[in-house]
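One structure below.
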């Protein structure tokens, strides 16, 4: 079973790019973030033609998450339980692949940095911390369920110096502040496994490059997209890959897909 997470940075603007990647890679499940559209504007028909059922939680022009699947989707949660949020950042579903049931969530964590015109404003950072606290509580409950759980998405957190091209450039940035790193590590300490680091503990593997300054060509990147696996899923982890081809393609997102391959349960 192949599961991918991909911040598409507007699904309608990147539909050609996304469609080409889906045709080439055929993942079973895709977790999308920043779809930036409401229900009536979501390309259900185009994705169905490619063999994918879709569930989405959107809002006009901003945020939004979705799950695509070659298998039937059952929506479990629209929005993060225990957290009142006007934004579309969390969608949790159940999917059965080859007789094995998975509970998966597409997550788009807040960035947390202040507005450019008011650098002292900490409200967005407080919102990010509150979201992460609620995510921790829910992740703990999911682990206690003993289900096969995968939490994936754009977490807007740089976990270590290995995950950023220039650590000094991000000191004080909301993606790299100790408060957010400790909260994401706390989810790991519950028992979730970072799929990429599980197989590649010392590799550099970026998933985001800014559009400006030839960041992609110079490999000035960040690793801020993750697939976190419950122990039962991590035990079957067969491979992890970051696919840079969509970032090289037509009208690319500033992110690129991260894919994990899970062996079939016997």
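Values in this text are rule-based calculations from the coordinates and carry no lab data. If you're wondering where the values come from, they're calculated on a predicted model, not measured in any experiment. Every residue, glycine among them, receives a Cβ derived from its backbone with ideal geometry; neighbour counts consider all protein chains shown.
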Subset of the range 117-174 [on the phi > 0 side of the Ramachandran plot and more than 20 Å from the chain's Cα centre (by Cα)] = 146, 172
Taking helices (runs of 4 or more DSSP H) that fall entirely within the range 82-200, which contain at least 1 residues that are in contact with a helix residue (DSSP H, G or I) (Cβ under 8 Å, 6 or more places away or on another chain) and farther than 23 Å from residue 4 by Cα?
-> 123-144, 178-190
All conditions in (1) surrounded by fewer than 22 Cβ atoms within 10 Å (Cβ to Cβ); (2) over 22 Å from residue 31 (Cβ atoms); (3) touching a residue at least 40 places away in the same chain (Cβ under 8 Å) are true of residue 84 except (3)
Counting only residues in the range 8-47 that are touching a residue at least 60 places away in the same chain (Cβ under 8 Å) and touching a helix residue (DSSP H, G or I) at 6+ places or on another chain (Cβ under 7 Å), the one nearest to residue 91 (Cα to Cα) is identified as 8
For residues that are surrounded by 12 or more Cβ atoms within 10 Å (Cβ to Cβ), in contact with a strand residue (DSSP E or B) (Cβ under 9 Å, 6 or more places away or on another chain) and over 24 Å from residue 143 (Cβ atoms), tally how many sit in the range 174-223.
-> 15
Report whether or not residue 54 is crowded, with 16+ Cβ neighbours inside 10 Å, in contact with a helix residue (DSSP H, G or I) (Cβ under 8 Å, 6 or more places away or on another chain) and in contact (Cβ under 8 Å) with a residue 12 or more places away in the chain.
-> yes
Counted residues in the range 159-169 being without any contact (Cβ under 8 Å) to a residue 40 or more places away in the chain and surrounded by 15 or more Cβ atoms within 10 Å (Cβ to Cβ) come to 0
